[in-house]
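I have a structure here, written as structure tokens, and I will follow up with some questions on it.
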Amino acid sequence: MIRPEDIKALRKIRSITTRAERFAELAHAGQVRRGTEQPYVEHCRRVARAAEVEIRRYLKGSSATKKEADRHVDDCVAAAFMHDVIEDANVTIGTVLEAGFNKAVVNLINCLTRTPNQKYDDFIADIATAWPDVKIIKICDIVDNLADEPSNAQVEKYRRALITLCNP
């Protein structure tokens, strides 16, 4: 749980990506990845690193200035760090906003969050029609999930998701 004093400390961190990483550390404190003793936040770090590489690659050749592209990438990396905080860490979007994250980051997190009654395949279909950044982050998330010794059912679920996300 993120406490009010944590929010106050987070707001003082100028770098949005550093703030997001710290937010994820606090939100996922005490959680471990399934089948391992690895802290959950390590998954968030891997997803954020992979997403940064892929989003930079995607933006190459775009008309964005370097400053615009860097800011966009930072927003996406921040969202990638926090992609699971709503679903898996009992955090609200209000807490994300309180911590000083901008609307672009909040919108990305909202797109990456499955609602409680939403079927997984419907969630993936929604992401498939979202911005390319959302698809990139979700693909990075799925690929990392596949590295954690998933069950056969999970492999099939992720296989269907990757087919949906990778086909126009």
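The values are calculated or read from the model by the stated rules, or taken from the named source; none is laboratory data. It should be emphasised that the depicted structure is a prediction, and the values quoted were computed from it without experimental measurement. Ideal geometry is used to build each Cβ from the backbone, glycine not excepted, and the neighbour counts take in all protein chains shown.
Within the stretch 13-37, track down each residue that is over 18 Å from Asp75 (Cα atoms) and either among the polar types (S, T, N, Q) or crowded, with 18+ Cβ neighbours inside 10 Å (or both).
Taking the stretch 13-37 as the starting set, the residues that turn out to be over 18 Å from Asp75 (Cα atoms) are 26-37.
Scanning the stretch 13-37 gives Leu26, Ala27, His28, Gln31, Arg33, Thr36.
Inspect all residues belonging to the stretch 60-72 and state whether any of them is in a helix (DSSP H, G or I), within 13 Å of the chain's Cα centre (by Cα), among the basic types (Lys, Arg) and at pLDDT 95 or above.
Going through the stretch 60-72, the residues in a helix (DSSP H, G or I) turn out to be 66-72.
Pick out the ones that are also within 13 Å of the chain's Cα centre (by Cα) and you get none.
Checked the stretch 60-72: no residue is in a helix (DSSP H, G or I), within 13 Å of the chain's Cα centre (by Cα), among the basic types (Lys, Arg) and at pLDDT 95 or above.
Considering only residues that are within 24 Å of Val77 (Cβ to Cβ) and among the hydroxyl-bearing types (Ser, Thr, Tyr), look in the stretch 120-163 and name the one that is surrounded by the fewest Cβ atoms within 10 Å (Cβ to Cβ). If you could, list the steps in order and put the result at the bottom.
Applying the first criterion (within 24 Å of Val77 (Cβ to Cβ)) to the stretch 120-163 yields 123-124, 126-148, 158, 161-162.
Adding the requirement that they be among the hydroxyl-bearing types (Ser, Thr, Tyr) leaves 129, 158.
Working: Thr129: 8, Tyr158: 18.
Among those that are within 24 Å of Val77 (Cβ to Cβ) and among the hydroxyl-bearing types (Ser, Thr, Tyr), it is Thr129.
Table: residues versus (1) out of contact with any helix residue (DSSP H, G or I) (no Cβ under 8 Å at 6 or more places or on another chain); (2) modelled with pLDDT under 95.
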site	(1), (2)
Glu5	yes, no
Lys8	yes, no
Ile13	no, no
Glu25	no, no
His28	no, no
Gly35	yes, yes
Gln38	yes, yes
Val41	no, no
Arg45	no, no
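Looking at (1) among the hydroxyl-bearing types (Ser, Thr, Tyr); (2) surrounded by fewer than 19 Cβ atoms within 10 Å (Cβ to Cβ); (3) closer than 23 Å to Ala161 by Cβ, find the lone condition where Tyr40 falls short.
Looking at each condition in turn, Tyr40 falls short on (2).
State which residue is modelled with the lowest pLDDT when the search covers only the stretch 148-168 and only residues that are under 19 Å from the mean Cα position of the chain (by Cα) and hydrophobic (A, V, I, L, M, F, W, C).
Filtering the stretch 148-168 for residues that are under 19 Å from the mean Cα position of the chain (by Cα) and hydrophobic (A, V, I, L, M, F, W, C), the one modelled with the lowest pLDDT comes out as Cys166.
Answer yes or no as to whether Asp148 is assigned to a loop (DSSP other than H, G, I, E, B) and either touching a helix residue (DSSP H, G or I) at 6+ places or on another chain (Cβ under 9 Å) or in contact (Cβ under 8 Å) with a residue 12 or more places away in the chain (or both). Outline the logic, then answer.
Details: assigned to a loop (DSSP other than H, G, I, E, B): yes; either touching a helix residue (DSSP H, G or I) at 6+ places or on another chain (Cβ under 9 Å) or in contact (Cβ under 8 Å) with a residue 12 or more places away in the chain (or both): yes.
When the stated conditions are applied, Asp148 passes them.
Surrounded by 12 or more Cβ atoms within 10 Å (Cβ to Cβ), more than 17 Å from the chain's Cα centre (by Cα) and either modelled with pLDDT under 95 or in a loop (DSSP other than H, G, I, E, B) (or both): is that true of Pro116 in this structure?
Values: surrounded by 12 or more Cβ atoms within 10 Å (Cβ to Cβ): no; more than 17 Å from the chain's Cα centre (by Cα): yes; either modelled with pLDDT under 95 or in a loop (DSSP other than H, G, I, E, B) (or both): yes.
Considered against the rule, which asks whether it is surrounded by 12 or more Cβ atoms within 10 Å (Cβ to Cβ), more than 17 Å from the chain's Cα centre (by Cα) and either modelled with pLDDT under 95 or in a loop (DSSP other than H, G, I, E, B) (or both), Pro116 comes out as no.
Oh, and also: Search the stretch 17-49 for residues being closer than 26 Å to Leu97 by Cβ and of a type in the set (Gly, Ala, Ser), and hand back the single one that is nearest to the chain's Cα centre (by Cα).
The qualifying residue nearest to the chain's Cα centre (by Cα) is Ala48.
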